[in-house]
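Everything below concerns the one structure shown next.
The values are calculated or read from the model by the stated rules, or taken from the named source; none is laboratory data. Remember, it's a predicted structure, so these values are computed and weren't measured experimentally. All Cβ positions, even for glycine, are placed from backbone atoms using ideal geometry, and neighbour counts span all protein chains on display.
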Amino acid sequence: MEHKRNTLLIVDNDHITLMALHSFLGKALPDFDLLPPADSGDKAIQRCTNAFDPPRVLLIDMSMSGINGPMAIRAIRRENRDIRILAMTSFTLEDYAREAAEAGAQGIISKNDVQHMADALQTVADDRQWDGGSKVAFDDTAMAYERVKAERKNDLSAREIEAVNAWCRGMTAARIAKSMDVSENTVRTYLARASEKLGCSSRKELISAWLRLRSR
């Protein structure tokens with residue numbers, strides 16, 4: 001049986017960093033197929049929850065604006081338990097290591113640790129943990145997933161996040177339905193579930209709650 005090659009998606013909202021990593025890792029990981037990179041948590045969720053062709057490995061920045069790394073990782077992990085996730089940060093590892101582990105990542109690495117970046121991604125691709133020198137132990141992915149699922153019952157699903165994000169940008173249910181390739185009733189169901197989870201009873205409350213959540 002032919003071995004399936006690893007596909008890698010890199011996500012960072014800093015364009016220079018994104019292009020530099022894409023170029024470097026394309027040479028450092030000849031056994032990986034690098035996919036076109038993404039520059040936001042929204043796009044990471046869309047790409048990684050694509051039922052037809054999701055990446056096998058994800059390298060994602062923790063501190064992006066809007067939907068940040070932890071939010072994206074949790075949403076992705078709920079829909080795709082097989083993906084291997086390595087978080088990265090330009091800050092001290094201890095600032096984000098525990099949050100990355102709790103979200104469902106299999107490891108974290110400093111953006112400045114270029115010499116170990118390829119090894120870290122290969123380790124995660126092999127379904128092993130990479131702690132990046134932090135003191136936080138990264139649990140087995142399945143265990144982390146179940147723990148996060150139990151602790152974060154009010155978290156929105158990937159599709160709910162996509163619908164709410166579009167709704168808060170002023171898109172109608174019809175336009176959202178078309179962009180998500182679902183019915184308007186399904187969109188309204190996503191919005192209703194999101195409103196219930198966030199404790200909102202109106203569109204205004206939902207928008208306010210969502211903006212507060214995104215700013216954290």
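Across the stretch 86-122, the qualifying residues are those that are in a loop (DSSP other than H, G, I, E, B) and among the small types (Gly, Ala, Ser), and the one among them that is surrounded by the most Cβ atoms within 10 Å (Cβ to Cβ) is Ala105. Within the stretch 122-132, the set of residues being in contact with a strand residue (DSSP E or B) (Cβ under 6 Å, 6 or more places away or on another chain) and modelled with pLDDT of 90 or more comprises Thr123, Val124, Ala125. Residues that are part of a loop (DSSP other than H, G, I, E, B), assigned by TED's automatic domain parsing to the domain that holds Trp130 and of a type outside the set (Phe, Trp, Tyr) are absent from the stretch 71-78. Here's a check for you: in the stretch 79-106, which residue that is closer than 20 Å to Thr7 by Cα and charged (D, E, K, R) is modelled with the highest pLDDT? Residue satisfying both the conditions and the ranking: Arg84.
Can you find a residue in the stretch 176-195 that is modelled with pLDDT under 75 and farther than 23 Å from Ser65 by Cβ? Write out each step before concluding.
Taking the stretch 176-195 as the starting set, the residues that turn out to be modelled with pLDDT under 75 are none.
No, there is no match, as no residue in the stretch 176-195 is modelled with pLDDT under 75 and farther than 23 Å from Ser65 by Cβ.
Output the residue which, of all residues in the stretch 43-57 that are outside any loop (DSSP other than H, G, I, E, B) and more than 8 Å from the chain's Cα centre (by Cα), is surrounded by the most Cβ atoms within 10 Å (Cβ to Cβ). Explain how you work it out, then say what you get.
Keep residues of the stretch 43-57 that are outside any loop (DSSP other than H, G, I, E, B), which gives 43-48, 57.
Keeping just the survivors that are more than 8 Å from the chain's Cα centre (by Cα) gives 43, 46-47, 57.
On the way: Lys43: 17, Gln46: 19, Arg47: 19, Val57: 23.
Ranking the candidates gives Val57 first.
For first residues located in the stretch 193-212 and within 14 Å of Ala166 (Cα to Cα) and basic (Lys, Arg), partners that are at pLDDT 75 or above and part of a helix (DSSP H, G or I) and lie 6+ apart or on another chain with Cβ distances below 8 Å form the pairs Arg203/Trp167.
What residue, among those in the stretch 33-61 that are in contact with a Gly (Cβ under 8 Å, 6 or more places away or on another chain) and not hydroxyl-bearing (Ser, Thr, Tyr), is farthest from Glu160 (Cα to Cα)? Here the residue is Leu34.
Could you say whether any residue in the stretch 123-137 is buried (at least 16 other Cβ atoms within 10 Å of the Cβ) and out of contact with any Leu (no Cβ under 9 Å at 6 or more places or on another chain)?
So the first thing to find is which residues in the stretch 123-137 are buried (at least 16 other Cβ atoms within 10 Å of the Cβ), and the list is 123-125, 129-132, 134, 136.
Then keep just the ones that are out of contact with any Leu (no Cβ under 9 Å at 6 or more places or on another chain); that gives 129.
Yes, the conditions are met somewhere in the stretch 123-137.
Residue check: is Leu8 more than 24 Å from Glu160 (Cα to Cα), assigned to a helix (DSSP H, G or I), touching a helix residue (DSSP H, G or I) at 6+ places or on another chain (Cβ under 8 Å) and not hydroxyl-bearing (Ser, Thr, Tyr)? Answer is no for this residue.
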